[in-house]
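Written out below as structure tokens is the structure these notes cover.
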Amino acid sequence: MDRNSTIGIIIISAMLLIYLVFFASGPQPPQSTTTGDSLPPARAQNSSLQPVSPPTSTLSDSALKAKYGIFAPLLKGQATDWVLENKDLRLTLTTKGGRVKEALLKNYVTYQKTPLVLIDQHSSTTQLLIATSVGEINLHQLHYTAKQLSSNQITFRAQLDSIHYVEQRYYLPAEGFVVQWRAEVHLPENLLTDSLAYFFWTDRLKQQEKDIEQVRLTATVNYYQINSGMEQLSETASEAQEARATEPVQWVALKQKFFNAAIITSGSFPEVIVRSRPPAQPAKEVKELSMQVGIPLGDLKEEAKNIRFFYGPNHFRIAEQVAPGFEDNVYLGWAIFSTVNRYIIMPLFEVLERVSNNYGVVILLLVLIVKTALFPLVYRSYQSMAKMRVLKPELDQLKAQCGDDLQRFQQEQMKLYTQFGVNPLSGCIPVLLQLPVLLAMFNFFPNAIQLRQKEFLWADDLSSYDSILDLPFHIPFYGDHVSLFTLLMTLSTIAYTYYNNQLSTNMDPSMKIMSYVMPIIFVFVLNSFSAGLTYYYFVSNLITIGQQWAIRKFFIDEAKIRAKLEENRKKFTDPNRKKTGFQKRLEEALKAQEEAKKNKKK
């Protein structure tokens, strides 16, 4: 491995480390903090996004009537539960509030193999506030009468008097994770004092995956602004955050690693405020997420606006059918890496899923295909290494002539490369061109719900870390477990580095040391990462070593390379030769260095 190839690998390793620390968990835009005074005037006291206190049950009927007017009779009653169910989702609704009380995802389980209840009455609270002349009324505190129109449709009605009422309707299709919601608020004239209803939703995310710390780093509130796309609160912030949308919003999602709960409209929400808080019980809760959504009262009943709730997985193909930009809840990487994942890796992975239902085999096939596609770049890089080895006698002679004069040696080295027609960057560039695929994998595997709870060898969940030893203590920057796939990946990287260093002709000793240091660093960085990712890189390293052995054994003839370089040298001495663009630039750079050296002596 020549000096430039080594530099390329070290650059890639450094960029991987930087990317993991700053970008791997998603873009972290700066968030504006809002105060209670900046909320809508009628909602200023609710700026903390906590439910308003329900009417006290100790008040007499006359006191309730005096305080809440026409709504008083509906503030007391007996709650009953109703169920809407399809092949994917089971919703429990309650007559108290006419709201969703629990959402159970039928085809998923928690890491403890218990039914996956995404929200329930203990973790999730909602309000639907309207401003009236008798004060704010929470429609989720009223008692409704339920009428199930069919197996997948139900209506809740709160009858205020003979002609005035509040009605909510839910429709759950035969499959999928979206429930349609329509509401109608038919009140006496002049009772309403605001054209917006305000929907508050707070969810104290429950632990669904085994690694609560990694899940906490992916939990946030995402919201989609119609003109500028998705925005989010920082996933990694350790303090409470609050932000207001700067333009109309089409959906808001309370998102965790593999699932989210969201409210969506085909129209727009004119006012949205979102918040996240550290968990009240860090050992049991992931994070507390909240939203405040302003909904035009006319939109509640207008079918064209089509307000919906989503309770489901962060599966890219499912999400892209829900609403514009909803697939952004599945983070596929930053900039070009997202493009590589979306249009290359993901379609290829989906094809391979149809070949085998063993995801260890799927990942192995993915490695083989990707490494085959990248083989021309590997070949070009190795070819450059071979040219450097062939030129070793000349380089050794230059070192002897220049002694400790490093600047002179570099100048003479460039002249030598020019004479033999060697591009010193040709070993580095092919390695760098593989970087988009390399970094794309860092986001694909940890966020691919297809790998969730899929077992392979000793790994019980390819979407999370594998552990062959759980430690009784926590090691800083490492964790409390030992990931065997991470160790195997590291050992294979060191073996690959050692193999290439044996082929090096003029490698600086400090560079050689650095080439071994970077793999050791990744033992700590990747110990808690997806087992699917570290398994992928372990196999990838083995195949790369095999490719380089095969290239050296069957494709590279150093005698022919030497003959070609000698031919290039003869052409260089021809005064009528046509120079390449690289040679011209290199000669100009050398002349500039010589001029600078002469001027310095003067």
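The values are calculated or read from the model by the stated rules, or taken from the named source; none is laboratory data. If you're wondering where the values come from, they're calculated on a predicted model, not measured in any experiment. Cβ coordinates were reconstructed from backbone atoms using ideal geometry, including for glycine residues, and neighbour counts include every protein chain displayed.
In this structure, does T126 turn out to be closer than 30 Å to N190 by Cβ and surrounded by 13 or more Cβ atoms within 10 Å (Cβ to Cβ)? Give the derivation first.
Numbers: closer than 30 Å to N190 by Cβ: yes; surrounded by 13 or more Cβ atoms within 10 Å (Cβ to Cβ): yes.
So T126 passes the test.
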query: Taking I163 and the conditions (1) loosely packed, with under 15 Cβ neighbours inside 10 Å; (2) among the aliphatic types (A, V, I, L, M); (3) more than 26 Å from L64 (Cβ to Cβ), which numbered condition does it fall short on, given that it satisfies the others?
result: (3)
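Listed here are the residues, each with its yes/no results for (1) modelled with pLDDT under 95; (2) within 28 Å of A183 (Cα to Cα); (3) in a strand (DSSP E or B).
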site	(1), (2), (3)
N222	no, yes, yes
N227	yes, yes, no
S234	yes, no, no
L254	no, yes, yes
K257	yes, no, no
A261	no, yes, yes
S266	yes, yes, yes
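Filter segment 96-116 for residues that are among the charged types (D, E, K, R) and crowded, with 18+ Cβ neighbours inside 10 Å; which is farthest from the chain's Cα centre (by Cα)?
So the first thing to find is which residues in segment 96-116 are among the charged types (D, E, K, R), and the list is 96, 99, 101-102, 106, 113.
Next cut, crowded, with 18+ Cβ neighbours inside 10 Å only: 96, 99, 101-102.
On the way: K96: 37, R99: 31, K101: 29, E102: 27 Å.
The qualifying residue farthest from the chain's Cα centre (by Cα) is K96.
Just a yes or no: is a residue in segment 181-197 in the same structural domain as L104 (by TED's automatic domain parsing), within 21 Å of A103 (Cα to Cα) and not charged (D, E, K, R)?
First pass over segment 181-197, keeping only residues in the same structural domain as L104 (by TED's automatic domain parsing): 181-197.
Going one step further and asking which of them are within 21 Å of A103 (Cα to Cα), we end up with 181-183.
In the following step, the residues that additionally are not charged (D, E, K, R) were identified as 181, 183.
Yes, segment 181-197 contains at least one residue that is in the same structural domain as L104 (by TED's automatic domain parsing), within 21 Å of A103 (Cα to Cα) and not charged (D, E, K, R).
For the condition in contact with a helix residue (DSSP H, G or I) (Cβ under 6 Å, 6 or more places away or on another chain) and either surrounded by fewer than 16 Cβ atoms within 10 Å (Cβ to Cβ) or at pLDDT below 85 (or both), what is the one hit in L565, L533? Don't jump to the end; show me each part of the working.
Details: L533 fails: either surrounded by fewer than 16 Cβ atoms within 10 Å (Cβ to Cβ) or at pLDDT below 85 (or both).
When all the criteria are applied, what remains is L565.
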field: Residues within segment 272-311 that are closer than 30 Å to T132 by Cα, in contact (Cβ under 8 Å) with a residue 60 or more places away in the chain and touching a helix residue (DSSP H, G or I) at 6+ places or on another chain (Cβ under 6 Å), tallied
entry: 0
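For segment 450-464, indicate whether the set of residues that are in contact with a helix residue (DSSP H, G or I) (Cβ under 8 Å, 6 or more places away or on another chain), at pLDDT 90 or above, hydroxyl-bearing (S, T, Y) and under 26 Å from N314 (Cα atoms) is non-empty. Working first, answer last.
Start the filter on segment 450-464 by keeping residues that are in contact with a helix residue (DSSP H, G or I) (Cβ under 8 Å, 6 or more places away or on another chain), which leaves 450-451, 454, 456-459, 461-464.
Subset that is at pLDDT 90 or above: 450-451, 454, 456-459, 461-464.
So of that shortlist, the ones also hydroxyl-bearing (S, T, Y) come out as 463-464.
So of that shortlist, the ones also under 26 Å from N314 (Cα atoms) come out as 463-464.
Scanning segment 450-464, I find at least one residue that is in contact with a helix residue (DSSP H, G or I) (Cβ under 8 Å, 6 or more places away or on another chain), at pLDDT 90 or above, hydroxyl-bearing (S, T, Y) and under 26 Å from N314 (Cα atoms), so the answer is yes.
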query: What about E235, is it free of Cβ contacts under 8 Å to residues at least 12 places away in the same chain and either over 22 Å from the mean Cα position of the chain (by Cα) or assigned by TED's automatic domain parsing to the domain that holds R308 (or both)?
result: no
query: Hey, Q281 hits all of (1) buried (at least 18 other Cβ atoms within 10 Å of the Cβ); (2) within 22 Å of L233 (Cα to Cα) but one; which does it fall short on?
result: (1)
task: Just give me the residues in segment 316-336 being in a loop (DSSP other than H, G, I, E, B), of a type outside the set (G, A, S) and crowded, with 19+ Cβ neighbours inside 10 Å, in sequence order.
output: V322, V330, Y331, L332
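I'm trying to understand the selection: among the residues of segment 378-409, which are of a type in the set (A, V, I, L, M) and closer than 16 Å to R552 by Cβ?
Kept after step one, since they are of a type in the set (A, V, I, L, M), are these residues of segment 378-409: 378, 385-386, 388, 390-391, 395, 398, 400, 406.
Correct list: V378, M385, A386, M388, V390.
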- prompt: Before we move on, is W181 farther than 21 Å from T114 by Cβ and touching a Ser or Thr at 6+ places or on another chain (Cβ under 8 Å)?
  reply: no
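Among the strands (runs of 3 or more DSSP E) confined wholly to segment 95-204, which include 3 or more residues that are over 27 Å from G294 (Cβ atoms) and not acidic (D, E)? Write out each step before concluding.
Working: elements: 99-109, 115-119, 124-132, 135-138, 145-150, 153-159, 165-171, 178-186.
So the answer is 99-109, 115-119, 145-150.
Of everything in segment 206-232 that's of a type in the set (A, V, I, L, M) and touching a residue at least 60 places away in the same chain (Cβ under 8 Å), which residue is nearest to Q112 (Cα to Cα)?
So the first thing to find is which residues in segment 206-232 are of a type in the set (A, V, I, L, M), and the list is 212, 215, 217, 219, 221, 226, 230.
Going one step further and asking which of them are touching a residue at least 60 places away in the same chain (Cβ under 8 Å), we end up with 212, 215, 217, 219, 221, 230.
Values: I212: 13, V215: 15, L217: 20, A219: 20, V221: 26, M230: 33 Å.
So, considering only residues that are of a type in the set (A, V, I, L, M) and touching a residue at least 60 places away in the same chain (Cβ under 8 Å), the one nearest to Q112 (Cα to Cα) is I212.
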field: Leading residue by the ranking (farthest from the chain's Cα centre (by Cα)) among those in segment 173-186 that are crowded, with 18+ Cβ neighbours inside 10 Å and either closer than 20 Å to N314 by Cβ or free of Cβ contacts under 8 Å to residues at least 60 places away in the same chain (or both)
entry: V179
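Using the structure shown, decide if Q121 is farther than 19 Å from R204 by Cβ and modelled with pLDDT under 95. Walk me through it before giving the result.
Values: farther than 19 Å from R204 by Cβ: no; modelled with pLDDT under 95: yes.
So Q121 does not fit the description; no.
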field: Residue among I551, I521, I561, I543 that is within 24 Å of F456 (Cα to Cα) and part of a helix (DSSP H, G or I)
entry: I543
E247 closer than 30 Å to N443 by Cα, assigned to a loop (DSSP other than H, G, I, E, B), among the charged types (D, E, K, R) and assigned by TED's automatic domain parsing to the domain that holds Y111: yes
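Counting just the residues of segment 250-271 that are touching a residue at least 60 places away in the same chain (Cβ under 8 Å) and not hydrophobic (A, V, I, L, M, F, W, C), which one comes out surrounded by the fewest Cβ atoms within 10 Å (Cβ to Cβ)? Break it down into steps so the answer makes sense when it comes.
Start the filter on segment 250-271 by keeping residues that are touching a residue at least 60 places away in the same chain (Cβ under 8 Å), which leaves 250-251, 253, 255, 257-264, 270-271.
Filter again for not hydrophobic (A, V, I, L, M, F, W, C), leaving 250, 255, 257, 260, 270-271.
Working: Q250: 20, K255: 26, K257: 25, N260: 27, P270: 16, E271: 18.
Looking at the filtered set, the residue picked out is P270.
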- prompt: Does segment 337-368 hold any residues that are in contact with a Leu (Cβ under 7 Å, 6 or more places away or on another chain) and surrounded by 13 or more Cβ atoms within 10 Å (Cβ to Cβ), and which are they?
  reply: F337, S338, N341, R342, L348, F349, L352, Y359, G360, V362, L365, L366
Matching option when the condition is in contact with a strand residue (DSSP E or B) (Cβ under 7 Å, 6 or more places away or on another chain) and modelled with pLDDT under 90, among Q148, Q214, Q159, Q168: Q148
task: Among the residues of segment 335-358, write down those that are in contact with a Gly (Cβ under 9 Å, 6 or more places away or on another chain) and over 14 Å from F445 (Cα atoms).
output: T339
query: Could you say whether any residue in segment 357-371 is among the basic types (K, R) and within 30 Å of E567 (Cα to Cα)?
result: no
query: Could you give every pair whose Cβ atoms fall below 8 Å, whose first residue belongs to segment 81-103 and is within 16 Å of E167 (Cβ to Cβ) and free of Cβ contacts under 8 Å to residues at least 40 places away in the same chain, and whose second residue is outside any strand (DSSP E or B) and of a type outside the set (S, T, N, Q), counting only separations of at least 6 or pairs across chains?
result: T94/A79
query: Name the pairs: first residue in segment 124-152 and in the same structural domain as K255 (by TED's automatic domain parsing), second residue of a type in the set (D, E) and surrounded by 17 or more Cβ atoms within 10 Å (Cβ to Cβ), Cβ to Cβ under 6 Å, at least 6 apart or on different chains?
result: S124/D203; L129/E136; A131/D194
